[in-house]
1. Please go through segment 208-234 and give me each residue that is open to solvent by 30 Å² or more (accessible area, probe 1.4 Å) and among the aliphatic types (A, V, I, L, M), ordered by number.
2. Taking the conditions exactly as written (among the basic types (Lys, Arg), free of Cβ contacts under 8 Å to residues at least 60 places away in the same chain and surrounded by fewer than 16 Cβ atoms within 10 Å (Cβ to Cβ)), does LYS502 satisfy them or not?
3. Which pairs turn up if I take residues in segment 191-219 that are over 22 Å from GLY486 (Cβ atoms) and within 12 Å of the ligand (Cβ to nearest atom) and look for partners that are open to solvent by 10 Å² or more (accessible area, probe 1.4 Å) and not in a loop (DSSP other than H, G, I, E, B) with beta carbon separation below 7 Å, at least 6 apart in sequence or on another chain?
4. Is it true that LEU168 is closer than 30 Å to ASP242 by Cβ, of a type outside the set (Ser, Thr, Tyr) and either in contact with a Leu (Cβ under 7 Å, 6 or more places away or on another chain) or buried (at least 21 other Cβ atoms within 10 Å of the Cβ) (or both)?
5. Check PHE313, PHE299, PHE259 and return the single one that is of a type in the set (Phe, Trp, Tyr), modelled with pLDDT of 95 or more and within 16 Å of the ligand (Cβ to nearest atom).
6. Inside segment 20-59, can you point out the residues that are touching a Lys or Arg at 6+ places or on another chain (Cβ under 8 Å) and among the β-branched types (Val, Ile, Thr)?
7. Which of the residues belonging to segment 89-118 are more than 30 Å from ASP43 (Cβ to Cβ) and buried (at least 24 other Cβ atoms within 10 Å of the Cβ)?
Amino acid sequence: MWRTVRLSAQITMSSIRNFSALVQNKALINGSWVDSSTCATFDVKNPASGEVITSVPDMTVEDAQKAIKAAKDAFESKEWRSLTGKDRSNLLKKWHKLIEQHTEEIAEIMTAESGKPIAESKGEIIYGNSFVEWFAEEARRIYGEVIPSAVNNREIIVMKQPIGVAALITPWNFPLAMVTRKAASALAAGCTVVVKPSEDTPLTALAVAKLAEDAGIPKGVINVVTTAKAAPIGDLLCKSPDVRGISFTGSTEVGKLLFRNSADGIKRVGLELGGNAPFIVFDSANIEKAIDGAMASKFRNCGQTCVSANRFFVQEGVYDKFVSQLKQRVESLKIGNGKSCDVQIGPLINEMQFNKVSGFVEDARSKNANIVTGGKGLSSLGSLFYAPTIVTDVPPTAKIYTEEVFGPVASIIKFKDEAEAVQKANDTRRGLAGYFYSENLQQVFRVAKRLEVGMVGVNEGIISAAEAPFGGVKESGVGREGSHHGIDEYVDIKYICMGNLKYD
Ligand code: ADP
């Protein structure tokens with residue numbers, strides 16, 4: 001998809017001069033900012049305008065191998081190993097402070113490379129940085145256990161130790177938060193990391209890595225490998241005996257591939273994959289709250305989040321009211337280049353996503369679904385803009401029903417009773433997030449327990465938080481990020497049997 005070009009930073013720097021201090025044109029290996037060993041680069045484009053922002057190194061498998069070695073050496077080095085939880089906590093606190101201080105610059109970089117509205121970029125930085133703060137606190141609380149032994153001259157001691165080098169493969173939809181959510185917990189646990197950010201959004205990852213360096217995190221502890229050739233490098237990260245864990249956020253297809261490739265080395269694998277989130281509105285719901293939740297859950301980041309509502313199930317008593325109120329709100333959304341403060345909907349990330357979203361809507365149209373609003377590209381704004389869309393009368397055979405659309409398209413399906421809603425909501429192989437609106441207490445507990453998802457929003461459309469465990473069930477993934485459980489992905493439990501003790 002990306003053309004390999006000669007380093008063209010000087011040509012394009014003018015367009016990013018306001019935040020040039022944090023824009024890195026090199027990758028980070030062992031504390032050095034480096035080019036690819038072949039000197040190849042690839043362009044990073046602004047999806048709102050198609051403009052090339054800059055280019056970054058197109059690293060090779062050999063370069064990635066160097067990054068793994070750097071992370072391994074750093075893991076074994078005295079500079080990192082000798083640090084206490086409190087020392088690591090202090091480094092993470094400094095990193096947190098620097099990210100906070102550079103919010104404006106990072107937000108500009110993020111909006112430029114992802115198309116995300118600037119207000120959402122700032123929101124993501126606060127959210128993403130909350131993981132750095134949270135894991136700075138957790139670094140001091142990685143407790144072991146002393147378990148009573150059945151034998152009186154023994155003690156059973158359990159400690160948690162860092163697994164070693166972790167490879168972190170991150171997506172473009174949260175260019176900062178997915179890096180910090182993984183890296184901060186890995187570092188808190190005492191691991192070192194190789195980050196492979198998305199080829200669409202490497203600049204945000206490089207900027208936060210620069211701030212980690214400025215915070216005094218030792219060389220080699222965070223390495224960032226930028227590449228336009230994810231597959232061979234992903235393969236290496238899964239198969240290298242020096243990598244002990246893989247943490248991935250992205251598509252289910254790639255997640256399954258990484259899971260398979262990690263099997264031979266029995267790697268620790270954390271996968272946050274796609275969802276197919278149901279959003280159920282019961283007759284008892286507060287419709288105004290449900291509309292607010294629907295807008296936030298569906299149209300944040302142009303619908304490009306794995307927890308975005310994908311299928312709206314609305315009970316027949318409130319169906320007409322819900323559709324007409326949602327239509328009104330959707331048609332009032334301000335669409336444009338995310339750098340303008342009032343913009344709420346930016347472009348889709350790339351042509352592949354645009355074709356997917358428009359293809360899904362055309363598929364539904366051809367199966368007699370009703371396009372209530374939208375349903376077309378907005379070429380006057382740019383080639384990647386797609387109108388916020390509502391589709392009703394969606395048949396279960398439509399792709400927007402069975403697959404994750406990852407775009408600003410709300411599909412609405414009418415239902416009669418609770419059993420039907422729950423059955424339809426669970427009728428998918430995915431199980432990341434699910435939402436429902438109900439003011440009936442009995443129904444709230446019943447439905448919350450029955451939804452086959454890892455996370456449930458009850459009368460709430462935005463549920464992510466550093467304190468809460470994020471993750472899915474079924475084909476939406478394994479493992480949890482954030483919360484005190486997030487540390488578990490990066491530690492081994494070691495049992496030490498202290499024998500032949502003399503107590504009398
Ligand atoms: P999306 O469809 O959301 O772009 P992907 O799963 O393709 O999600 O991408 C998420 C991350 O996975 C990105 O960093 C991308 O470069 C990386 N990736 C894509 N294909 C592979 C692969 N075969 N091996 C390893 N990483 C991959």
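The values are calculated or read from the model by the stated rules, or taken from the named source; none is laboratory data. Quick caveat: nothing in here was measured; it's all calculated off a predicted structure. Neighbour counts are summed over all protein chains in view; Cβ atoms, including those assigned to glycine, are modelled from backbone coordinates with ideal geometry. When the accessible area is computed, the model is the full protein with side chains, heavy atoms only, and any ligands, DNA or RNA have been set aside. Shrake-Rupley method; radii C 1.70, N 1.55, O 1.52, S 1.80 Å.
1. ALA228, ALA230, ALA231
2. No; evaluated as a whole, the condition is false for this residue.
3. Close Cβ pairs (under 7 Å, with a partner that is open to solvent by 10 Å² or more (accessible area, probe 1.4 Å) and not in a loop (DSSP other than H, G, I, E, B)) amount to GLU199/ALA230.
4. For LEU168, the condition - closer than 30 Å to ASP242 by Cβ, of a type outside the set (Ser, Thr, Tyr) and either in contact with a Leu (Cβ under 7 Å, 6 or more places away or on another chain) or buried (at least 21 other Cβ atoms within 10 Å of the Cβ) (or both) - is met.
5. PHE259
6. Residues satisfying the conditions are ILE29, VAL34, THR41, VAL52, ILE53, VAL56.
7. LEU92
One line per residue, one yes/no per condition, for (1) touching a residue at least 40 places away in the same chain (Cβ under 8 Å); (2) of a type in the set (S, T, N, Q); (3) farther than 21 Å from GLN353 by Cα:
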site: SER366; (1), (2), (3): no, yes, no
site: GLY375; (1), (2), (3): no, no, no
site: SER380; (1), (2), (3): no, yes, no
site: PRO388; (1), (2), (3): yes, no, no
site: PRO396; (1), (2), (3): no, no, yes
site: VAL405; (1), (2), (3): yes, no, no
site: PRO408; (1), (2), (3): yes, no, no
site: ILE413; (1), (2), (3): yes, no, yes
site: ALA421; (1), (2), (3): yes, no, yes
